[in-house]
Amino acid sequence: MSSSIESLVNREYQYGFVTDVDTDTIPPGLNEDVIRLISSKKDEPQWLLDWRLKGYRRWLTMKEPHWPNVSYTPIDYQAQSYYSAPKSVTPLQSLDEVDPELLRTYEKLGIPLNEQKFLSGVAVDAIFDSVSVGTTMKAELMEHGIIFCSLGEAVKEHPELVQKYLGSVVPHSDNFFAALNAAAFSDGSFVYIPKGVRCPMELSTYFRINAEGTGQFERTLIIADEGSYVSYLEGCTAPKRSTSQLHAAVVELVALKDATIKYSTVQNWYAGDKEGKGGIYNFVTKRGKCAGANSKISWTQVETGSAITWKYPSVILQGDNSTGEFYSVAVVNNRQQADTGTKMIHIGRNTRSNIVSKGISAGGGQNSYRGLVKVMPKAEGARNYTQCDSMLVGNECGAHTFPYIEVGNNSAQVEHEASTSKIGEDQIFYLKQRGLSAEQAVSMIVSGFCKEVFKELPMEFALEAQQLLGITLEGSVG
Amino acid sequence: MIDAYLRSFEAFSRNGGAAAPEWARALRLSAITRFETLGFPTTRNEDWHFTSVAPIADAALTPLTSPSGRVEAAQLAPFLFSDDWHQLVFVNGRFDAALSRTDALPDGVRVLPLAQAYDELPILVEQHLGRIASFDAHSFTALNTAFLHDGAVIHVTADVEVAKPIHLVFVSDAAAVNGAMHPRNLIVLDRFAKATVLETYCTTARGAGAYLTNAVTEASIGDGATLTHLKLQRESAQAYHVGTFDARQGRDSHLVSFSFATGAALSRTNIYTELRGEGCGATLNGLYLGDAEQTIDHQTRIEHVEPNCYSRELYKGILDGASHGVFNGKVYVHPEAQKTDGKQTNNTLLLSEKAQIDTKPQLEIFADDVKCTHGATVGRLDETSLFYMKSRGIDARTARELLTYAFAADVLETIELAEVRDGLEAATLRRYAGRA
């Protein structure tokens, strides 16, 4: 390994700082009283509290899943706090009233919330630990009838929509972590795009874990009504700590007839140190439902952070002619472990799905693709194409592929292709003899490898993703 | 139901099984203990996720430990490809000397039933039997080992090439109904030895009723040796069949395996190999043809333990009626196995609306300098190919038949043994084109 490359690999996680703010953190542990307390802090209606308790009671009966290809020290669910909020945040405040310390934090993360500075054409909802700090561009969006706010706010302002769709895609009983989330979920974003509206800007949520000894359990709900379109991006970071923190989020997408939702994630939680100490356990349930005909849901994810990633953004293709897409780049380095992939459930006629997954393993990282393509007997004319490629950098890493293909209709056409290979010596040599340095060569090969996924990201973020990838990886080859 | 097996085991240990050497009895005892713990696999077991063995677990099947049934040479003819191959025949799980033929074996080659091998090749059998096919996590292998009694032992000494194939025929007749057979075979190829072994599982009593064949074959392939192994599963339509082939390969050795599965109501074929030396090669091909309510399950596992080995795998399936196919293929590359070159393909053709396939090709790679790919496709006949053929004046029916046959022939033509290749091609053509 050359020295310049080594320095690149060892580059510090630049989002690892801690913001010093007074917080209102409830004592560790989870029981019905804690859930009532969270609910009362958020001033929630009775139906939501009941739903939380239903989730909690269900969670108690469930066992933590151990089928993923990852290993970690057991999580003590009673040792962490389920609610932590900066004291200075009051509900429904305007952005001018936000604690300057918090604004500085977001500025440092490259997400300016000041109205003068924000990225043009992007509306941001900033979530800090368990609460939303503020949402930009709300007024402009409201002109189009678009609702973009924190879920807590939506519960108060638009209870009918929340009540109708919350848990409709990921029910409280879905899985262990989804049940935990249903019981203890804190804030998240809520988006509603009315009929026939094309959202004029990118919507984005920035998640930040700050407090120690807490978990983040946000819940995001996006509803695209008939004929609408929205592109949504989430980003996430956390401070460097030597203890692991749990992040068990749920994302639900509902696309009605002719609607399109494009959901992009750049996940950069703290990954732990080189020995694998600390880092975020990212156990997330993401699922979209193409409820109406001709609807489309597209997931794009760039997974570079987290000590452990366990997530399978899925699409239920219920409406006829609906389309599901999944584009993923997952990078693991040092002791990171990722078990990620997608599920495409074909129910309607002529449904199509497309999966492109690129895994890069470096250092001692373990990367698994786990995917399901299921064609139900009634899904006449279903079509799937899956491609998952893995690149290996270094001799202690691993790359694994576990695709499940279940076809119950003979008019379906399902194709799966996967390859695993080492980064090409000859390609590096070729680029070097054209005058590129080793690290430039690797960077070019990797970005070529991931191009198909990056081209799906919104412009501003494609660039960011590419840089992130460079930081996580470039140095691993020499 | 497990209790019934334990009682059968008790009876078997006192009677038929008592003649076996001390170590074999100890092995059987540990196997039945393991089976008692494991029980039959359920669909919660990842390896059996798509195939429920409840019909086997719920059926009252008695182990066939004493000789039974009667099969004439003429009844066997349709399953034989040649009348001058070396041949061992087992009727309802027990060796039948009259139907077997081992007189023309070259020097340095032994092909004999297990009971005889205990006496004549005691060290060889003790060194290998039960050492390759682990029953730790495999219920059916545990059950087979518990009732270990009969089967074939093949030993080819160093540098010897067996020119003619060795055919092991496991035939059942009406006397096998409601019985369970647990044949156990051992193939040992010393350095630079070369042999072709066929295993045929067939019946002379189609439609007579259910029985279980639970076979295990262990193969030790020495340095530089080459084993060609063909398994032809042509059981009766009511039968249950579980067959495991487990090989260990030495340096620069080659395994060429072919699994042809068309019979049984419920069948599961496991083909496992471990590439334990440098420069090994493994080729695992197969064809499964399902119809009616059949379930045909294949599981393959190729373990790359040492560097510079290659593996090739092509499994194809044609499913008609309401049949259910399962393919679960795993390529596992250990951290030391650099320069591994692996390729795995599974293609399934669904001919009817009710046919169903679950396929799960897996790669688990812990080394960095490797080249591994896998691919899987599921679909019906390609419309454009059909259109092309019709545009050339071939009627729709013929076009369908030809394309279906061609799909299967693509993998059948990888069989090097001409008699078997031609025989299976002709049978497939008859089946899908209604003419020979």
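Residues of region A:43-61 include none that is in contact with a strand residue (DSSP E or B) (Cβ under 6 Å, 6 or more places away or on another chain), surrounded by fewer than 20 Cβ atoms within 10 Å (Cβ to Cβ), in contact (Cβ under 8 Å) with a residue 60 or more places away in the chain and charged (D, E, K, R).
With the condition kept exactly as written, say whether any residue in region B:186-205 is part of a loop (DSSP other than H, G, I, E, B), modelled with pLDDT of 95 or more and within 17 Å of the chain's Cα centre (by Cα). Looking for residues that are part of a loop (DSSP other than H, G, I, E, B), modelled with pLDDT of 95 or more and within 17 Å of the chain's Cα centre (by Cα), one finds none in region B:186-205, hence no.
Within 17 Å of B:L255 (Cα to Cα), among the acidic types (D, E), surrounded by 20 or more Cβ atoms within 10 Å (Cβ to Cβ) and more than 9 Å from chain A (Cβ to nearest Cβ): is that true of B:E306 in this structure? Yes; evaluated as a whole, the condition is true for this residue.
The condition of being aliphatic (A, V, I, L, M), in contact with a strand residue (DSSP E or B) (Cβ under 6 Å, 6 or more places away or on another chain) and buried (at least 24 other Cβ atoms within 10 Å of the Cβ) holds for only one of B:V256, B:V242, that being B:V242.
Residues in region A:412-422 include at least one that is facing chain B (nearest Cβ under 7 Å) and touching a residue at least 60 places away in the same chain (Cβ under 8 Å).
Pairs meeting the criteria (first residue in region A:395-408 and within 7 Å of chain B (Cβ to nearest Cβ) and closer than 16 Å to B:W48 by Cα, second residue assigned to a strand (DSSP E or B) and among the aliphatic types (A, V, I, L, M), beta carbons under 6 Å, at least 6 apart or on different chains) are A:Y404/A:L372; A:I405/A:V373; A:I405/A:V414; A:I405/B:A376. Elements of the type helices (runs of 4 or more DSSP H) sitting completely within region A:150-245 and holding at least 1 residues that are closer than 22 Å to A:A123 by Cβ: these cover A:151-157, A:159-165.
From the residues in region A:433-464 that are in a helix (DSSP H, G or I) and among the small types (G, A, S), which one is farthest from the chain's Cα centre (by Cα)?
Here is the first cut: in region A:433-464, the residues in a helix (DSSP H, G or I) are A:433, A:438-454, A:459-464.
From what is left, the residues that are among the small types (G, A, S) are A:438, A:441, A:443, A:447-448, A:462.
On the way: A:A438: 32, A:A441: 29, A:S443: 24, A:S447: 21, A:G448: 23, A:A462: 16 Å.
That would be A:A438.
Among all residues of region A:361-368, there is at least one that is surrounded by fewer than 24 Cβ atoms within 10 Å (Cβ to Cβ), touching a Ser or Thr at 6+ places or on another chain (Cβ under 7 Å), under 24 Å from A:V70 (Cβ atoms) and more than 9 Å from every other protein chain (Cβ to nearest Cβ).
Identify the residue in region B:336-384 that is assigned to a strand (DSSP E or B) and small (G, A, S) and, among all such residues, is farthest from the other protein chains (Cβ to nearest Cβ).
First, the residues of region B:336-384 that are assigned to a strand (DSSP E or B): B:341-350, B:356-365, B:371-379.
Applying the additional criterion that residues be small (G, A, S) yields B:342, B:375-376, B:379.
Details: B:G342: 8, B:G375: 5, B:A376: 4, B:G379: 4 Å.
The qualifying residue farthest from the other protein chains (Cβ to nearest Cβ) is B:G342.
Looking across region A:316-332 at every residue that is assigned to a strand (DSSP E or B) and of a type in the set (G, A, S), the one that is farthest from A:A255 (Cα to Cα) is identified as A:A330. Taken across region B:167-175, residues that are over 24 Å from B:D84 (Cα atoms), surrounded by fewer than 23 Cβ atoms within 10 Å (Cβ to Cβ) and free of Cβ contacts under 8 Å to residues at least 40 places away in the same chain do not occur at all. Do we have any residue at all in region B:26-37 that's of a type in the set (G, A, S), within 24 Å of the chain's Cα centre (by Cα), on the phi > 0 side of the Ramachandran plot and buried (at least 19 other Cβ atoms within 10 Å of the Cβ)? No, that holds for no residue.
For region A:186-201, the set of residues classified as at pLDDT below 90 and buried (at least 22 other Cβ atoms within 10 Å of the Cβ) consists of A:S186, A:D187, A:G188, A:S189, listed by residue number.
For (1) touching a Lys or Arg at 6+ places or on another chain (Cβ under 9 Å); (2) closer than 19 Å to A:T300 by Cβ; (3) part of a strand (DSSP E or B), each residue gets a yes or a no:
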residue	(1), (2), (3)
A:R335	yes, no, no
A:N350	yes, no, no
A:G364	yes, no, no
A:N367	no, yes, yes
A:V373	yes, yes, yes
A:N384	yes, yes, yes
A:S390	yes, yes, yes
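B:G317 falls short of the stated requirement of being more than 10 Å from chain A (Cβ to nearest Cβ), modelled with pLDDT under 95 and surrounded by 19 or more Cβ atoms within 10 Å (Cβ to Cβ). Could you look through region A:246-259, keep only residues that are touching a helix residue (DSSP H, G or I) at 6+ places or on another chain (Cβ under 6 Å) and assigned to a strand (DSSP E or B), and pick out the one that is surrounded by the fewest Cβ atoms within 10 Å (Cβ to Cβ)? By that ranking, first place goes to A:V254. Any residue at all in region A:260-267 that is charged (D, E, K, R) and not in a strand (DSSP E or B)? Scanning region A:260-267, I find no residue that is charged (D, E, K, R) and not in a strand (DSSP E or B), so the answer is no. A single member of A:A238, A:A224 is buried (at least 24 other Cβ atoms within 10 Å of the Cβ) and at pLDDT below 90, and it is A:A238. Taken together, the criteria place A:D426 among residues that are not in a strand (DSSP E or B) and not polar (S, T, N, Q).
With respect to the stated conditions, B:S100 fails to be over 30 Å from B:K164 (Cα atoms) and small (G, A, S). Close contacts from region A:63-89, counting a first residue that is farther than 30 Å from A:V133 by Cβ and a second that is surrounded by 14 or more Cβ atoms within 10 Å (Cβ to Cβ) and aromatic (F, W, Y), with Cβ to Cβ under 6 Å and a gap of 6+ residues or different chains, come to A:E64/A:F176; A:P65/A:F176; A:P68/A:W310. The lone criterion from (1) assigned by TED's automatic domain parsing to the domain that holds B:Y201; (2) closer than 19 Å to A:P377 by Cα; (3) charged (D, E, K, R) left unmet by B:R268 is number (2).
Considering only region A:338-346, I want to know if a residue exists there that is assigned to a loop (DSSP other than H, G, I, E, B), in contact (Cβ under 8 Å) with a residue 60 or more places away in the chain and not small (G, A, S).
The first filter runs over region A:338-346 and keeps only residues assigned to a loop (DSSP other than H, G, I, E, B), leaving A:341-342.
Of the ones still in play, those that are also in contact (Cβ under 8 Å) with a residue 60 or more places away in the chain are A:341.
Adding the requirement that they be not small (G, A, S) leaves none.
No, the conditions are met nowhere in region A:338-346.
Residue check: A:I355 meets all listed conditions (1) in a loop (DSSP other than H, G, I, E, B); (2) under 24 Å from A:S295 (Cβ atoms) but one, namely (1).
The values are calculated or read from the model by the stated rules, or taken from the named source; none is laboratory data. Note that this is a predicted model, so its numbers are computed, not measured. We place every Cβ from the backbone using ideal geometry, glycine too, and count neighbours over all the protein chains shown.
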